[in-house]
1. Just to be sure I understand the filter: pairs with C-beta atoms under 9 Å, separated by 6 or more residues or on different chains, first member in region 16-38 and within 17 Å of residue 52 (Cα to Cα), second member assigned to a loop (DSSP other than H, G, I, E, B) and at pLDDT below 85. Which pairs pass?
2. Only strands (runs of 3 or more DSSP E) wholly contained in the chain count here; list those with 1 or more residues that are of a type in the set (A, V, I, L, M) and surrounded by fewer than 13 Cβ atoms within 10 Å (Cβ to Cβ).
3. What are the pairs with Cβ atoms under 6 angstrom where one residue, in region 79-97, is touching a residue at least 12 places away in the same chain (Cβ under 8 Å) and the other, located anywhere, is exposed (fewer than 13 other Cβ atoms within 10 Å of the Cβ)? Sequence gap at least six, or different chains.
4. Suppose the filter is over 12 Å from the mean Cα position of the chain (by Cα) and in contact (Cβ under 8 Å) with a residue 12 or more places away in the chain; does residue 102 pass it?
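The values are calculated or read from the model by the stated rules, or taken from the named source; none is laboratory data. Please read all numbers here as calculations on a predicted model, not as lab measurements. No Cβ is skipped: glycine too gets one built from the backbone with ideal geometry, and neighbour counts run over all protein chains shown.
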Amino acid sequence: MVKLLPMIDFQVSVGRSMHMRMDISPFCENLYECSCGQQHVLKSYSRILYQGFYRIVIECPDDPAYLTCVKIRMILMAKFIGLTSISGTKVSTDTDKFLLANLMKILR
């Protein structure tokens with residue numbers, strides 16, 4: 001089960017955030033545990049909001065209110081091992097929506 005955190009703590013768990021520029025095609029078709037409690041498959045059309053250092057923030061395909069920080073596990077940054085869910089959050093309050101909207105605006 002992914003640990004649900006408040007939005008501020010979730011942002012800290014992502015680390016240094018930047019706009020999405022990573023090619024995720026090598027990591028597609030792999031399972032990750034979503035913060036909604038289910039497992040989903042990372043697809044090429046999955047909505048990835050932004051990235052950290054080998055971490056991506058994915059919006060839940062079933063309920064867009066859930067965000068999950070997924071770590072891309074690699075060996076020596078050359079061989080892909082798998083996806084590990086680190087933390088999640090539920091964007092439910094107006095403050096959370098405001099923080100997320102401002103972050104997305106800054107990263108564009």
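1. Hits for this filter: 19/108.
2. Values: elements: 31-33, 39-41, 48-52, 55-59, 66-75, 79-90.
Once the strands (runs of 3 or more DSSP E) in the chain are filtered for at least 1 residues that are of a type in the set (A, V, I, L, M) and surrounded by fewer than 13 Cβ atoms within 10 Å (Cβ to Cβ), what remains is 31-33, 39-41, 66-75, 79-90.
3. 80/26
4. Working: over 12 Å from the mean Cα position of the chain (by Cα): yes; in contact (Cβ under 8 Å) with a residue 12 or more places away in the chain: no.
Spelling it out, it is not the case that residue 102 is over 12 Å from the mean Cα position of the chain (by Cα) and in contact (Cβ under 8 Å) with a residue 12 or more places away in the chain.
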